[in-house]
Each structure stands twice: as structure tokens, then as C-alpha cells.
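J.: Okay, here's the structure, questions in a sec.
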């Protein structure tokens, strides 16, 4: 046996393991976090199924997970689920993009200039306090029951979280850093790009997460006001005919899309805010 083979054999015999690479450590940590996060839902689903089969809980009000899955499969096979999801996603994203972009722009504008804050912020805060359900009838009167009213209602909800967080993020930037940029001769535009926006980015990304969640909430309200398509309409129609499993399918879809959207923003947070040396929990 060659010298190299002897060395390999010795290494194998000693049972020594090679240290994990950084990528392998990150993959293991991600798998661990996923399994830990899925632990509670799995326990709840198992208990739900067992209690439903034993007749302890009402099968009409709380159909078992297996019945809900069967209803979802039937909706997929008929194509009804895909069509409604596509319509709802387009509505939610359109409203989020419209309201979120305006909220971000207004938040930055009001955060940068004190006179603008005094002129606009009281009005914005007053409108923010008006609930979705209170303003929905007005939107129907103004825009009818078409797509415009639904998208604008979603946009209204998506506007305020980004507006508030962009404003707070800008006002939370250390004032001494602005003094440094003035000493370095930064122009106003360069100051905004190089200091203000990066400093406010943690708050802005938090606003994006909240706006996405509010957009899905606004979607439910929008699809309940005279809609003939979408997940909200599918749930409302199923409720009228006591198809409780279909209602739970709609709830599950909202939950899945919500967590996927939130996870996507959190991924951006880890990428764009890697410079932060903040407490991560123990």
C-alpha cells in the first residue's frame, strides 16, 4: 500500500471528521430554524385531526385537515383555485406597489423637510385613522365595483406603514452624521443617497413587511365588496353554502402567501443589513 493510502487509512481509522464549511453550517441552521418553526403547526394539525375523528369538535365548524386538503385538491383539479389565486395576487401586488411607493416617497419627503411635515403629516395621520370598512362604501360610490376601487382600497392600507416607517427611519439617523457629510462637502442629493436612505433602511424594510401584510388584509375587504372572483370571493361564496373546508382552504392560502412574502423581505434584510451588529437573540 502506498504512503498516501496508509495515511488515508489512518485518518479513516481514527474516526476524525472534517470541520463543516460555512455554507454547510448555514444550511444546517436554516433546516433547524425551519423544523423549529414548523413544530407548533404540526402539533396543532395532529391534535385537530385526532379530535375531529373522535367527534370531540364539530366537523361542520372545524373540518379535519384531511377534509380541507381534499377540498383544496378538488379546487386545483377544477382550475378554480388557480384562477382565483392569480386574480388576488395581481390585485394585492398592484395595490401594494401603488400605495407602498407613494408611502415611501411621502415618508422620505416629510422626513427630510420640517415644513412639509407640518403641512402634510396632520392630514395623513387623520386619514390613517379611517378604517377600511368605513371608507369602502365611498370607494364603491366613487369608482364602482370594478378593479380600480379594489386596488385603491388595498393601496390605502399599504401606504401608511411605509410612510410612518420611512419618516421614523429618517428622523432616527444620528444628527452628527449629517454634520460629517456637510464637512465632507456632500451635496443634498448625495447626502440623501449615501446617508439618509441607508440609515433609514431598517425602518423602511420593516415598513415593507407591514405593508405587505396590510395589503393581504385589504384584499379580503376589497374582494368582499361586490367581487365575482378572487380568494375572498371564493371564501364568501363557500360560506353561503356552508362549504367550511373551502373557507379554510382560502385562509390557508392567505397564510402561505403572507409568510412567503414576509420571508422574502426578511431575506433582503439579511442581505442589505449585513453591516448591522445588532442583537440576534440567544
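J.: Go through (1) outside any helix (DSSP H, G or I); (2) more than 23 Å from residue 241 (Cβ to Cβ) and name the single condition residue 35 misses.
T.: (1)
J.: Does at least one position in region 189-206 carry a residue that is surrounded by fewer than 16 Cβ atoms within 10 Å (Cβ to Cβ) and on the phi > 0 side of the Ramachandran plot?
T.: No; the residues of region 189-206 include none that is surrounded by fewer than 16 Cβ atoms within 10 Å (Cβ to Cβ) and on the phi > 0 side of the Ramachandran plot.
J.: Which condition breaks for residue 189 when tested against (1) more than 21 Å from the chain's Cα centre (by Cα); (2) under 30 Å from residue 264 (Cβ atoms); (3) in contact (Cβ under 8 Å) with a residue 24 or more places away in the chain?
T.: (3)
J.: In addition: As an exercise: evaluate residue 149 against (1) out of contact with any helix residue (DSSP H, G or I) (no Cβ under 8 Å at 6 or more places or on another chain); (2) in contact (Cβ under 8 Å) with a residue 60 or more places away in the chain; (3) closer than 19 Å to residue 217 by Cβ and give the number of the one condition it does not meet.
T.: (1)
J.: Quick one: residue 242 ticks every box in (1) touching a helix residue (DSSP H, G or I) at 6+ places or on another chain (Cβ under 9 Å); (2) touching a residue at least 12 places away in the same chain (Cβ under 8 Å) except a single one, so which number is it?
T.: For residue 242, the failing item is (1).
J.: Would a scan of region 220-231 turn up a residue that is surrounded by 17 or more Cβ atoms within 10 Å (Cβ to Cβ), assigned by TED's automatic domain parsing to the domain that holds residue 80 and without any contact (Cβ under 8 Å) to a residue 60 or more places away in the chain?
T.: Yes, because at least one residue in region 220-231 is surrounded by 17 or more Cβ atoms within 10 Å (Cβ to Cβ), assigned by TED's automatic domain parsing to the domain that holds residue 80 and without any contact (Cβ under 8 Å) to a residue 60 or more places away in the chain.
J.: Here's a follow-up. With the requirement that a residue be under 15 Å from residue 246 (Cβ atoms) and surrounded by 11 or more Cβ atoms within 10 Å (Cβ to Cβ), what does region 41-72 give you?
T.: 59, 62, 63, 64, 65, 66, 67, 68, 69, 70, 71, 72
J.: Just give me the residues in region 82-119 being within 16 Å of the chain's Cα centre (by Cα) and either crowded, with 21+ Cβ neighbours inside 10 Å or not assigned by TED's automatic domain parsing to the domain that holds residue 171 (or both), in sequence order.
T.: Passing the criteria: 88, 91, 92, 95, 96, 99, 100.
J.: Would you confirm, using the coordinates I've provided, whether residue 212 is surrounded by fewer than 14 Cβ atoms within 10 Å (Cβ to Cβ) and closer than 30 Å to residue 260 by Cβ?
T.: The answer is no for residue 212.
J.: Taking residue 246 as the residue in question, decide whether it is in the same structural domain as residue 73 (by TED's automatic domain parsing) and at pLDDT 90 or above.
T.: Yes: the conditions hold for residue 246.
J.: Quick check on residue 95: is it under 30 Å from residue 245 (Cβ atoms) and in contact (Cβ under 8 Å) with a residue 40 or more places away in the chain?
T.: When the stated conditions are applied, residue 95 passes them.
J.: Taking the criterion of being within 30 Å of residue 231 (Cα to Cα), crowded, with 22+ Cβ neighbours inside 10 Å, assigned by TED's automatic domain parsing to the domain that holds residue 88 and in contact with a helix residue (DSSP H, G or I) (Cβ under 7 Å, 6 or more places away or on another chain), would at least one residue in region 165-183 satisfy it?
T.: yes
J.: Please determine, by comparing only the residues of region 58-69 that are in a helix (DSSP H, G or I) and touching a helix residue (DSSP H, G or I) at 6+ places or on another chain (Cβ under 7 Å), which one is nearest to residue 231 (Cα to Cα).
T.: The residue in question is 68.
J.: Kindly list, by first and then second residue, each pair from a residue in region 110-124 that is farther than 16 Å from residue 165 by Cα to a residue that is part of a helix (DSSP H, G or I), limited to pairs with Cβ atoms under 7 Å and residues at least 6 apart or on different chains.
T.: Listed by first residue and then by second, the contacts come to 116/109; 116/110.
J.: If residue 275 satisfies every condition in (1) farther than 27 Å from residue 131 by Cβ; (2) surrounded by 13 or more Cβ atoms within 10 Å (Cβ to Cβ) but one, which is the exception?
T.: Residue 275 satisfies every listed condition except (2).
J.: If only one of 133, 104 is part of a helix (DSSP H, G or I) and in contact with a helix residue (DSSP H, G or I) (Cβ under 6 Å, 6 or more places away or on another chain), which one is it?
T.: Unique residue meeting the criteria: 104.
The values are calculated or read from the model by the stated rules, or taken from the named source; none is laboratory data. This is a predicted model, so every value here is computed, not measured. Backbone-built Cβ (ideal geometry, glycine too); neighbour counts: all protein chains shown.
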